[in-house]
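Every number here is computed from the coordinates shown, using simple stated rules; none is lab data. Predicted model only: the values in this text are computed from it and were never measured. Quick reminder, even Gly has a Cβ in these numbers, built from the backbone with ideal geometry, and neighbours come from all protein chains shown.
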Amino acid sequence: MTDGKQVLGSDEVRRAITRMAHEIMERNHGLDGVALIGIQRGGVWLAESLGAEIARVDREIPVGSIDASLYRDDIGIRPVSPGSVSEVNFEIDGAIVVLVDDVLYTGRTVKAALDAITDYGRPSAVQLAVLADRGHRELPIRPDFVGKNLPTSADEQVAATADGIVIS
Amino acid sequence: MKHFRSVDEAGPEAIRRLLDLADHMAEVSRRPNPKVPALRGKAVCNLFFEDSTRTRLSFETAAKRLSADTMNFSVSSSSVNKGESLRDTIETIGAMGIDAFVIRHKSSGVPWQVAQWTGASVINAGDGWHAHPTQALLDCYTIRSTLNRTGSFDGLKIAIVGDIKHSRVARSDIRAFTMLGADVTLVAPRTLLPPEIDVPVVTELDEVIDKIDVIYLLRLQRERMTESLVPSLREYTARFGLTPERARVLPEHALIMHPGPMNRGVEMAVDPSELPGSVITQQVTNGIAVRMAVLFDLLGSGSDLEANE
């Protein structure tokens, strides 16, 4: 494996998260009924960071995580191994759910996560926050909050963590 | 993994993987809508040549919660009564497009034989006195989740009490518990012990009852009395039954387990619902989660695909 190309440093990631947190607050004035749900595994730390930032500026909102592997459309085609157990300890009915993931690519993981959320209840709305949008969508899904738009080719790998965003 | 037929065949790595996966399945079962689309389009056939309610229903529920289609085959209403051989039965049902057979049979080794006649996955739901691996899995899962032993069973003292000799549950449990690190002791009269044993044995329950973490009571099959392996039910209860006196001696944190169906007043001479350590109903609930884990691992996880890469 070759060393990756760092496109965002940890400071820039932190600033992007701060901006996204503010955008989430701005869009959902008052934050009534808003909850963050990170998609296992990569979206969980980001949901927690966004939740901490929103709590710092405004108030605490529920943060959960969801494992969508049992909803994937490539079961039986590719190996599937679930991450940690889903934790949704709040009411989904009527909530405004902000789904959070590290990298948005084909959109299939988000689709699986949307299906999974529906099994917990009927949110009044679902929004999507991603740290990196690398394009190549295969489904009609678009993010509401984006940390960084990253044009990539399909054979590249994108890793987005608190330490930065790396293309390899 | 292609088949799940015995604890030993699966091995420690797969047992741990299935227990981890069962956590996910238990979470699914707690939801308002306890169903996921993971095995849509897969067909599971329950093939029970022996009586069973809980195991068959548990497998059926597990398959349905994963959105698989289920078929139930019971011998009493089948062509087996017209003399059809096991092989023909398997090949006939297999021709209908089955992805997994869940099979229970009175003869040991049948799941291995069946696997030679079909391309489908085979899950052993009990073969003779030999093995009942999903029971062992649900027992491990119950211990692990109630005693918070996610890592290993190191140092955990488990007594398995009763008719070890004729029990496939005991055989699978001994293998699984020791595989995870537990110290297993068998408690039984000599007449109910198998010749092959590699764990410590005592012949009086009172010798161990005050120093165990788990007491696992086996069902005394009443026909053993007519075979004169047990002198009388009363004497059996006096020596090996969980009586109110023994329940008081049992350590406070100890779990009381039973695979069911129970003989109240024989091996279970107390009302288990009055004992705080009883996890017998949790065993039944957990049975669904571990069977979902097995079905998903065989039919959906793509672990075979990984092996080919």
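For A:ARG41, what charge total do you get from the other residues with a beta carbon under 12 Å from its beta carbon, if Lys and Arg give +1 and Asp and Glu give -1? Residues close to A:ARG41 contribute a combined charge of -3.
The antiparallel fraction among DSSP beta bridges confined to chain A stands at about 30%. Straight-distance candidates among the lysines for linking to B:LYS2, with alpha-carbon spacing under 21 Å and chain neighbours fewer than 8 residues away dropped: B:LYS42, B:LYS64.
Given +1 at the Cβ of Lys and Arg, -1 at the Cβ of Asp and Glu and no other charges, the dipole of chain B around its Cα centre is 700 debye to the nearest 20. When DSSP beta bridges are restricted to pairs lying wholly in chain B, around 5% turn out antiparallel. Look at the stretch B:53-59: the mean tally of other chain Cβ atoms within 10 Å of its residues' Cβ atoms is 0. Evaluating 6.51 cos²θ - 1.76 cosθ + 1.60 at θ = phi - 60° for every residue in region B:202-213, the Karplus couplings come out as 10, 10, 10, 4, 5, 5, 10, 4, 8, 10, 10, 9 Hz, glycine and proline recorded as x.
For region B:126-266, DSSP calls about 5 percent of its internal beta bridges antiparallel.
Rounded to the nearest 500, the 222 nm mean residue ellipticity of the protein assembly as shown from helices alone is -10500 deg cm²/dmol, with -39,500 (n - 2.57) taken per DSSP H run of at least 4 residues. Projecting label points 7 angstrom from Cα along Cα→Cβ for A:SER153 and B:ASP206 puts them 8.1 nm apart. Exposed loop positions in chain B were taken to be trypsin sites (Lys or Arg not before Pro) whose DSSP state is not H, G, I, E or B and which have at most 15 other beta-carbon atoms within 10 angstrom. Between these positions, the longest stretch is B:107-221.
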